[in-house]
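For reference, the structure discussed in these notes is given below.
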Amino acid sequence: NRILGEAFTYYKSAAGQGDANGLYNLGMCHLRGLGTPKDDPSAFNCFRAAAEKEHPEAINNIGLFFREGRVVERDLEMSAKWFEKSAEFDNPYGQYNFALALQSGEGVAKDETRAAALLSKAADGGCVEAVDAYGMALQKGRGVAENQEAAFRYFLRAAEAGYPPAMENLSTCYRFGKGVKADERRSMEWKIRSRAARGDRNAQAWLQQNAKRK
């Protein structure tokens, strides 16, 4: 793709001048194979250079490399440190990932209360995964007072933003009447929506047919 190739060249030029955003974007190109072949080591190096310039998203991505053991040896303690650093810059994805580490005690002392507070912040910051995860915390009373109705609202928000796991959670809420009146049809519809969002063609066809009937 010519446009991706041009973008890669532009980011490479910006990165060469030490621009933090250029380094981060160049890293994303290497990571996803946009305008250049996929190259995890080059992506990591770009993120590391951007992280040294305090780029919050790059700092979060370094945490992901350590959590997954990509390029570097898997190190959950190191991963949690990078996520915490990103969270301190108010990066919603850093907050979300650090919250997950705190919830499970991966590489950091378990602290569900702090995790819930971070998930709430990340959700407000627009991280859809955090919107769903905070809904789960509310539903189960993990680090925050249990509130089924509020949990339902968070699931609905994330589901309407197109996040399949939230659609599954919403389906469960409707099925068992958690935070909302039980509704078998809506439960089934959100289940199908989650499958459609994941690329299931039968589910997509069902939704198209039923949308026409309404």
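The values are calculated or read from the model by the stated rules, or taken from the named source; none is laboratory data. Everything numeric in this text was worked out from a predicted model, so none of it was measured. Every residue, glycine among them, receives a Cβ derived from its backbone with ideal geometry; neighbour counts consider all protein chains shown. Remember, those area values only see protein heavy atoms, side chains included, never the ligands or the DNA or RNA. Shrake-Rupley method; radii C 1.70, N 1.55, O 1.52, S 1.80 Å.
What the table below lists for this structure:
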read-out	value
Meets criteria (within 16 Å of the chain's Cα centre (by Cα) and open to solvent by 30 Å² or more (accessible area, probe 1.4 Å)) for R198	yes
Qualifying residue in segment 1-24 (condition: at pLDDT below 95, of a type outside the set (A, V, I, L, M, F, W, C), assigned to a helix (DSSP H, G or I) and crowded, with 22+ Cβ neighbours inside 10 Å)	yes
So E168, is it farther than 25 Å from N210 by Cβ, touching a Phe, Trp or Tyr at 6+ places or on another chain (Cβ under 8 Å) and not aromatic (F, W, Y)	no
Count of segment 35-63 residues which are open to solvent by less than 40 Å² (accessible area, probe 1.4 Å), under 23 Å from K12 (Cβ atoms) and part of a helix (DSSP H, G or I)	14
Test: residue in segment 165-180 that is open to solvent by 80 Å² or more (accessible area, probe 1.4 Å) and either in contact (Cβ under 8 Å) with a residue 24 or more places away in the chain or part of a loop (DSSP other than H, G, I, E, B) (or both)	no
Matching residues in segment 132-143 - criterion: being open to solvent by less than 40 Å² (accessible area, probe 1.4 Å) and hydrophobic (A, V, I, L, M, F, W, C)	A133, A137, L138
Residue list for segment 102-131, restricted to those being of a type outside the set (V, I, T), open to solvent by 10 Å² or more (accessible area, probe 1.4 Å) and in a helix (DSSP H, G or I)	Q103, S104, E112, R114, A117, L118, S120, K121, D124, E129
Residue that is nearest to A43 (Cα to Cα), among those in segment 64-89 that are among the charged types (D, E, K, R), outside any helix (DSSP H, G or I) and open to solvent by 70 Å² or more (accessible area, probe 1.4 Å)	R70
Failed item, numbered, when M28 is tested on (1) of a type in the set (A, V, I, L, M, F, W, C); (2) part of a helix (DSSP H, G or I); (3) in contact with a helix residue (DSSP H, G or I) (Cβ under 6 Å, 6 or more places away or on another chain)	(3)
